[in-house]
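What follows is a short report on a single structure.
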Amino acid sequence: QHQVKCFVHDILSATSSLQGLSQAYDHSHSAAAEAMPSMKRPAASATGASIKKQALDPLQSKCAEIAAMVNVAEAYPENVRSMLNEALQHSLLVTKDQRHPMQQECVGMVKEVLASVQASLQAKVEALQGTLADSDAARSARESAAGAAAEVVKQKTQAKEAAGVALGEAAAHLGNARAAHKAAISEEKLGEEEYTKAERKKAILEAVSTGDFASLQQGGGDAKAVKAVLKVAKDFNFDQQLIVAAESALLKPVADRGGFDNIVFQQCEEQFKSLINAFGSTMTNCEASKGERAAKVESAVAEIAAAEEKERACREELSAARAASAEAEAACSAANQALKDFAPEMMRAAAVLQDAQSELRGGEAVVATFQGLADRTETTPADGTQAVDVAKVAEPEVAMEKAPGECVDVAEKTLA
């Protein structure tokens, strides 16, 4: 940027030198005119001014086209482009044989900028042409992608369904494990209750058998003892006929008892012993199976823990499978949309290519115009009139309107 600034400064300095030469020429020309007889040149007519403007307008228009192309050179900073356009008319509109070396270098810089724009346009055209040339392969690739995405959706859907089935089975197994645990707890509780019940009943029978009944057997009992024995007999379902017979036999003293009474006492004693032994066996069995019932409860607790872990893992797998399925469906939808959009994209690419080719041709025309001005040594209008020396018409007028210092200020403001 600094080099460009110095370069423009040199161009404007050269323009200042040309201004000095022009002023010296005008001074000497005035002195010579005073020594000659007074001969006034007729004032330029409005028609002559119009002709002059018409002769300059095409060149100005060409410069504007070139400046517009310079402005789209994105590879260069905006202030550099503005500065080149500022110096464009001071260099390119000067014929090649009258340009200062610095002006010629400015023309070369503009040529480089235009070449970069053309290269960019050419690359854009080639890229679009490549896209269209590979359209069949691109379409085939999108079709393959859509097919593969559909297959993935199928697989992920199957995996999701399998995960759902596995979760259902795990949940059912967990339910069974909990039911088994409940049953084990109930069984353990029943066993404990059965043991307690048998223990209590055995104790009652033993207490009456060794207490009131034994006292009655020995003849020392009373009505209260008889009542206690009969109550136990009824509570424990002694033989009904035995209970009826016992009501009279139990009250008789030993000396008054007959053979039947002794049989009643003997059968009552056997009933007591039989029931006591039965409840004892029940207690023994309950005690023996107590550990088994506890182990069953412990096993059921472990089974529940394993089932809960399995159910949790299956639930996570189902969640992951659902997410994967949704992702696959989204990818499939995107692939199908990309396939659907392919034809419109190619149509837009073809339209963009046409525009890019048009821009490229327009750029070629601008470059040709630039090259014509860059190589120009004289300008010959279409009507065959005297050629206009732009270096003597355009440049001195600009130089006279702006002092060199002002031109430098303009360049510096443009760079800023």
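The heavy atoms of Lys202 present about 50 square angstrom of accessible area, all protein chains included, probe 1.4 Å.
Heavy-atom accessible area, probed at 1.4 angstrom with all protein chains present, ranks Met347, Met283 as Met347, Met283, highest first. Distance between the modelled labels on Ala302 and Glu329, one decimal in nanometres: 4.3 nm (7 Å Cα→Cβ projection). Here the calculated FRET efficiency for Asp134 and Asn176, from their Cβ-Cβ distance with R0 = 56 Å, stands at 0.35, rounded to the nearest 0.05.
For segment 92-246, a/c is not less than 1.5, where a ≥ b ≥ c are the root eigenvalues of the C-alpha gyration tensor, and a/b tops b/c. That puts it in the prolate class. For the pair segment 124-185 and segment 83-103, the centres of their Cα atoms are 69 angstrom apart. Near Lys197, once Lys and Arg are set to +1 and Asp and Glu to -1 for all other residues with Cβ below 14 Å from its Cβ, the sum equals -2.
Accessible area per residue (1.4 Å probe, heavy atoms of protein chains only) ranks Leu190, Leu373 as Leu190, Leu373, with the largest value leading. Residues of segment 172-192 with an amide N closer than 20 Å to a point placed 7 Å from the Cα of Ser281 along the Cα-to-Cβ direction: 191-192. Take Lys252: with every protein chain present and a 1.4 Å probe, its accessible area is about 70 Å². Given a 1.4 Å probe and the protein chains as shown, Glu316 ends up with an accessible area of around 100 Å². Shape analysis of segment 202-262 places it in the oblate category; the axes a ≥ b ≥ c from the Cα gyration tensor give an a/c of at least 1.5, with a/b not above b/c.
Modelled spin labels at Asp97 and Val352, positioned 7 Å past Cα toward Cβ, are 4.9 nm from each other. Is segment 107-169 rounded, prolate or oblate when judged by the Cα gyration tensor, a ≥ b ≥ c being the square roots of its eigenvalues, rounded requiring a/c under 1.5 and prolate requiring a/b larger than b/c? Oblate shape, in that a/c is at least 1.5 and b/c is the bigger or equal ratio. Extension gain for Ala294 to Glu74 (0.36 nm times residue separation, less C-alpha to C-alpha distance): 70.6 nm.
The values are calculated or read from the model by the stated rules, or taken from the named source; none is laboratory data. Worth saying up front: this structure is predicted, and the values here are computed from it rather than measured. All Cβ positions, glycine included, derive from the backbone under ideal geometry; neighbour counts span all protein chains shown. For accessibility, only protein heavy atoms count, side chains too; no ligands or nucleic acids. Shrake-Rupley method; radii C 1.70, N 1.55, O 1.52, S 1.80 Å.
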